[in-house]
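Reviewing the structure listed below.
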Amino acid sequence: MKAVLVIIFLAVVLAVPGCSKETVKRATYGSAQLYGKQQCEQEFSADCPEPDSYEEYQRKRKELQEDE
């Protein structure tokens, strides 16, 4: 499992020079969501929630920042 994280990390790091900051954030978020989904499925849990889209995540994050 750690090998998967290393591969994802390397892919993101190698892609950074050719990508915008927003693209890197999206890719990182997507990778983290995919990893979480895989972990949940490996536990054979029937309650694996569907992850929020990146846009939904950003909306919720912005709302929390405005409340502070």
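Rule-based calculations on the coordinates, nothing more; no lab input. Predicted model only: the values in this text are computed from it and were never measured. Neighbour counts run over all protein chains shown; Cβ positions are idealised from the backbone, glycine included.
Numerical summary
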| item | result |
| --- | --- |
| Inter-site label distance for Ala3 and Leu34 at 7 Å from Cα along Cβ, in nm | 1.7 nm |
| Label-point separation, Leu64 to Glu43 (7 Å along Cα→Cβ), nm | 1.9 nm |
| Highest average packing first - 47-60, 20-33, Cβ atoms within 10 Å | 20-33, 47-60 |
